[in-house]
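Structure first, then comments.
The values are calculated or read from the model by the stated rules, or taken from the named source; none is laboratory data. This is a predicted model, so every value here is computed, not measured. A quick note on method: Cβ atoms are made from the backbone with ideal geometry, for glycine too, and the neighbour counts reach across all protein chains shown. Each accessible area value is taken on the protein alone, full model and side chains, heavy atoms only, with ligands, DNA and RNA left out. Shrake-Rupley method; radii C 1.70, N 1.55, O 1.52, S 1.80 Å.
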Amino acid sequence: MTARFQLSAGGVVYRENERGEVEVALISVGNRWALPKGLVERGEALEAAALREVREETGLEAEIVARLTPIEYWYWWQEGGERVRYHKKVYYFLMAWRGGDISRHDAEVDTVAWFAVDEAIQRISHRTERMVLEEAKRFLQAPKRPEG
């Protein structure tokens, strides 16, 4: 058995809709809703990787306002004839939406959609990402929410 480490970064992008409600952007790949994230390239800062991956996977431009608690997990992947076990650490950032268009997401993503925070927490497929969204919700409900 081979084990490998992966470092990823991503974001919880939020905005206020016309009714003054906070929404977050989720991506859908297959039948799973998730937060946008991707691998950090060699020599790339976590923040730069997170902004790049969000832009690529959602079509959105955003600004980092806070670093959220990173998550870690293990998964299996078939590579050639070998079954490889990965240990992945993902750094997430809370990001204020600044522009862009969700129709401009890349081909690896099926859909990008805005959801009210509580609905996003309900829809997200992975428990660890649900914890990230819950942390983002607590941050956004704090008395001095950053402008979004």
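I'm told Ser125 meets every condition in (1) under 23 Å from Asn31 (Cα atoms); (2) out of contact with any helix residue (DSSP H, G or I) (no Cβ under 8 Å at 6 or more places or on another chain); (3) open to solvent by 50 Å² or more (accessible area, probe 1.4 Å) except one. Can you identify the failing condition by its number?
For Ser125, the failing item is (3).
Take the residues in the range 66-99 that are of a type in the set (Gly, Ala, Ser) and farther than 23 Å from Ala3 by Cβ; name whichever of them is surrounded by the fewest Cβ atoms within 10 Å (Cβ to Cβ).
Only one residue tops the list, namely Gly99.
What number of residues within the range 7-49 are modelled with pLDDT under 95 and either within 15 Å of Tyr91 (Cβ to Cβ) or in a loop (DSSP other than H, G, I, E, B) (or both)?
Result for the range 7-49: 7.
In the list Glu63, Glu135, which residue meets the criterion of being open to solvent by 80 Å² or more (accessible area, probe 1.4 Å), farther than 22 Å from Asn31 by Cβ and within 16 Å of the chain's Cα centre (by Cα)?
One residue alone meets the criteria, Glu63.
From the list Ala142, Ala120, exactly one residue is within 24 Å of Glu18 (Cβ to Cβ), in contact with a strand residue (DSSP E or B) (Cβ under 7 Å, 6 or more places away or on another chain) and open to solvent by less than 50 Å² (accessible area, probe 1.4 Å). Which is it?
Criteria check complete, one pass: Ala120.
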